[in-house]
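Worksheet: one structure, shown below.
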Amino acid sequence: MKTVIYLDELLLVNFLIAGFLLPGTGLLCGTPCRTPRIVCGAALAAASSLLLLAPRLPFALQLAAKALCAAACVRAAFPYRGLRPFLQACAWYLALNLTLAGLVTARLLAQSTPLLQTNNLMLYLNISPLLLLGCVAAVYGMLRLVLWCFERPRPGTAATLGFQILESQVTVQAFCDTGLAIGGELAGLPGVMVACGAAQSQLPQALAQYLTDFFANAPPGGLPLPQPGWKLRLLACETAAGQGVFPAVPAFNVWLQQNGRRQACGKAMVIFCNGGFPYGCSAAYGPDLAAAAAAQECKGGTTL
């Protein structure tokens, strides 16, 4: 038996589903979600549902089309921070889709009315759109509950961090990483690790371009020499994503703001990486920076 499919309903429902699942993916990956990008990703997800109406493709092409559509939705919804974070976001997006499919299937089996249409690995369920959206809301609600129980940021974790590089002022959201410390000849200098993509627009143009080329594995002609005024160093660091060599520059007039209080921290070494951070932050600072803030306050440093 063929089911009548209303095109406007198909597009709208899939748009709303992706509008829930993509922010859920961002929560699981610790990636901040911007509404315009989520709308673009949801629109691509809605457009991909039209595969249901296309002529049947060979199975290999069905898999490729499904994977490309999912990857396009994730790429549109979140900034690219490297291959590993991108694949992680794709995996979580797939997991949420499968969770939704399982929840809806269980609801259908409970009703004993498994009315569905399939084509090109796209599934159309002949159920009320309100019931489907209710299942989506249930998945998102369960996700928020799990994160509230197990991944809730501790009070005082997130802070506003500001610093000066050359003549540029940079402000980012940061959290305290107790494992972040600088060794070697720079031991004792507070360390800050910043996601390059989040701070790039606030940096001096030449430095921002250098960092872009560095994380793009250098242009064909090779990396230009860093300007002497940057005092740039390449530091070997170990992160959650593994070991690597990262560019670092000194920063001045560093400050932390938490609970409405701004504390001066003096000088720090800012290490740029090409990745993301949890809790919606774009930077991490070591406990020695917080200690520097406390020391500055004891000496009569700036506290607003």
- Query: Could you put CYS33, CYS281 in order, starting from the residue whose Cβ has the fewest other Cβ atoms within 10 Å?
  - Reply: CYS33, CYS281
- Fewest first, what order do TRP92, TRP230 take by the number of other Cβ atoms within 10 Å? TRP230, TRP92
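Stretched out fully, how many nm does the piece from PHE252 to ALA64 gain, at 0.36 nm a residue minus the Cα gap? It would help to have the intermediate numbers written out before the result.
On the way: separation 188, 0.36 × 188 = 67.68 nm, distance 4.95 nm.
Additional length available on full extension: 62.7 nm.
Please order PHE214, PHE272 by the number of other Cβ within 10 Å, starting at the fewest. Mind showing how you got there, number by number?
Details: PHE214 19, PHE272 25.
With the sparsest Cβ surroundings first, the list reads PHE214, PHE272.
Every number here is computed from the coordinates shown, using simple stated rules; none is lab data. None of these values were measured; they are calculated from a predicted model. As a convention, Cβ positions derive from the backbone with ideal geometry for all residues, glycine included, and neighbour counts pool all protein chains shown.
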